Amino acid sequence: MDKIRMKVNGEWAEFDLTIDFQSSDSLAYVLKEKMGLTGLKVACDEGACGACTIIKDGRAVLSCMLLAVEADGCEIQTIEGLATDDPVVKAFADQCEPGYGTAMQCGYCTPGFVMASKALLNEIPNPTDEQITEKLSGNLCRCGTYPAVRRAVLKAAALKTNQ
Ligand code: FES
Ligand code: FES
């Protein structure tokens, strides 16, 4: 394989092995450094925090734990690919307003939570508390915004239902 192609946020992109990336480079590296998609965060770079979560072929994945070559032919969605009126984006934005208990303090974990929540709601439109806990268990927030994140997910589910 001397090049890879992937559909990122609706547009096909092509990368040459050894010119654009090395075979050992992660998908996170290519998305951030080669495409400028800096919404995803590489915090731990070892699969422990969820800050680098993106959606690959409909499923939430840790982009630091995937090689770029593993994304060849795949459909990738990053937070930049979500519309501003996306129910998940809207719910998280609302949940960051004063008085609501914020789902975003430093914000470093937020893109990962948004993408994990997006994948969760695509799979389970009206999740239970237990399902939210399970599906977001790979995402860590050192600022402790977990209760507000849960409220944002429930709000996004309600918004989707009413769309
Ligand atoms: S940066 Fe990928 S899981 Fe932490
Ligand atoms: S808001 Fe700071 S790590 Fe989650």
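None of the figures in this text is laboratory data; all of them are computed from the coordinates on show. Given the structure is predicted, the values throughout are model-derived calculations rather than measurements. Positions of Cβ are backbone-derived with ideal geometry, glycine not excepted, and every protein chain shown enters the neighbour counts.
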Next item on the list: Under 18 Å Cα to Cα from Lys34, which aspartates and glutamates show up? Leave out anything in the same chain fewer than 8 places away.
Entry: Asp2, Glu11, Glu14, Asp16, Asp20, Asp25, Asp45, Glu70, Asp72, Glu75, Glu80
Next item on the list: Name the aspartates and glutamates eligible as straight-distance cross-link partners of Lys155: C-alpha to C-alpha under 20 Å, and not fewer than 8 places from it in the same chain.
Entry: Asp85, Asp86, Asp94, Glu97, Glu123, Asp129, Glu130, Glu134
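What pairs from Lys3/Lys90; Lys3/Lys160; Lys3/Lys135; Lys32/Lys135 go past 30 Å between their alpha carbons? Working shown, then result.
Working: Lys3/Lys90 37 Å; Lys3/Lys160 38 Å; Lys3/Lys135 33 Å; Lys32/Lys135 25 Å.
Correct reply: Lys3/Lys90; Lys3/Lys160; Lys3/Lys135.
Using r as the Cβ-Cβ distance of Met65 and Asp2, and R0 as 25 Å, what FRET efficiency do you calculate, to the nearest 0.05?
Values: r = 24 Å, r/R0 = 0.95.
Using R0 = 25 Å, I get an efficiency of 0.60.
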Notebook entry, point to check: How far is it, in nm, from the label point at Ser137 to the one at Glu123 when both lie 7 Å from their Cα along the line to the Cβ?
Noted result: 1.2
Check: Angle, helix 146-162 long axis vs. longest principal axis of the chain, Cα atoms, 0 to 90°, nearest 10?
Finding: 90
Next item on the list: Measure off 7 Å from each Cα along the Cα-to-Cβ vector at Lys160 and Glu75, then give the distance between these two points in nanometres to one decimal.
Entry: 1.5
Check: If you stretched the chain out fully between Glu14 and Tyr146, how much longer would it get, using 0.36 nm times the residue separation minus the C-alpha to C-alpha distance?
Finding: 43.8 nm
